[in-house]
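The structure appears below as structure tokens.
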Amino acid sequence: MSYRFLLPGHSAESKKIMEKLLKKAAQDLAAAQNVVALTGAGISVESGIPPFRGKGGIWERFDPMEYAHIDAFLKDPAKVWNVLLKEMKAMLDKATPNDAHKGLAKLEELGLLKTIITQNVDGLHQKAGNTDVIEFHGNFAWHRCLECNKTCPVEMIDLTQIPPRCDCGGIYRPEVIFFGEMIPPEHLWRSRQISSDCDVMLVIGTSAVVQPAASMPVVAKESGAKVIEINAEPTPLTGPISDYLIMGKAGEIINGIMAELERLL
Ligand code: APR
């Protein structure tokens, strides 16, 4: 087995493998013309937002079909607001960008990273400074009235009554994509386009099990790009699609890559 898929631990050998992978990622980024990143919930874990799947994941406590499907929301918006959305709002209110978000902003500043496709609804990439972010699953910062379609920033919404209501009496929903809803076609089309045009794709903190986001690394790979995965554990992309996996916490790994990159540039 080559070192690309060995899982780093704390032994001297693992440390060496990690150093090699960080160097390799920095070299691949430095040599690239067009880098795109696909991010998922794992990149925001170090900002205090739990992931959806796995240990401590949100879907361990809540059945997504009961709380995150559009039919469930429309049937009983108060239930979904009380159980899931109020808690999400409290978590997102407190969260600030971590080293992984900041590293990606630095990569854009260096002229290497062009666009981020994110499945996250937390807005942390923009807060860190990235300017071209495709929010595949929307953004919780905005809410829309189901009756009159007026949009409103979440901080302006009165949460003393649940479900929150617009002046017209309609119920507010977050501008996020619930299960059972379509990804906006323009986001899907542009994501496919930039995935097929990039020469390196960084895939960070996603379990890569939710479509169509999980197909973007496949599009990139099939178009000849290098796919570099940064994740706490292997995913279905590890092996068939990613050229290598750097396993660990996104913030620490991005810091390691940025330190190597500074030596190269
Ligand atoms: N650093 C890197 N990776 C991490 C970290 C960390 N600190 N913590 C967790 N991870 C990894 C997990 O091991 C997992 O593989 O991040 C991944 C998170 O996976 P999910 O929780 O499934 O998140 P995501 O892939 O973004 O989910 C996709 O599913 O329910 C929907 O709409 C929701 O956008 C979400 C979509």
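In table form, for the structure just shown:
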{"item": "For residue 248, residues with placed amide H under 5 Å, excluding near neighbours", "result": "231, 232, 233"}
{"item": "Alpha-carbon spread of the chain, three principal axes, descending order, Å", "result": "60, 35, 29"}
{"item": "Pairs beyond 29 Å (Cα-Cα), from 16/106; 89/249; 23/89; 86/221", "result": "23/89; 86/221"}
{"item": "Relative packing of 17-25, 151-159, 106-114, which averages over residues the other C-beta atoms within 10 Å, highest first", "result": "17-25, 106-114, 151-159"}
{"item": "Electrostatic dipole magnitude of the chain [Cβ: Lys, Arg +1; Asp, Glu -1; Cα centre; debye, to 20]", "result": "380 debye"}
{"item": "Solvent-accessible area per residue, Å², over the chain with all protein chains present [probe radius 1.4 Å]", "result": "48 Å²"}
{"item": "Kirkwood Rh and Cα Rg combined as Rg/Rh, region 147-237", "result": "1.14"}
{"item": "Burial ranking of peptide ranges 31-40, 123-132, 231-240 (average Cβ count within 10 Å, highest at the top)", "result": "31-40, 123-132, 231-240"}
{"item": "Normalised alpha carbon radius of gyration of region 210-265 [divisor 2.2 N^0.38 Å]", "result": "1.25"}
{"item": "Residue 150 long-range amide H proximity, modeled H, under 5 Å", "result": "145"}
{"item": "0 to 90° range, to nearest 10: angle between helix 12-31 axis and the chain longest Cα axis", "result": "80 degrees"}
{"item": "With Cα atoms, 0 to 90° folded angle of helix 185-197 axis to the chain main axis", "result": "0 degrees"}
{"item": "Additional length obtainable on full extension of the chain from residue 189 to residue 158, 0.36 nm per residue less Cα span", "result": "7.6 nm"}
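The values are calculated or read from the model by the stated rules, or taken from the named source; none is laboratory data. Note that the structure is predicted; figures quoted are calculated from it, not measured. For neighbour counting, all protein chains shown are included, and Cβ atoms are generated from backbone atoms with ideal geometry for every residue, glycine included. With ligands, DNA and RNA removed, areas are computed over all heavy atoms of the protein, side chains included. Shrake-Rupley method; radii C 1.70, N 1.55, O 1.52, S 1.80 Å.
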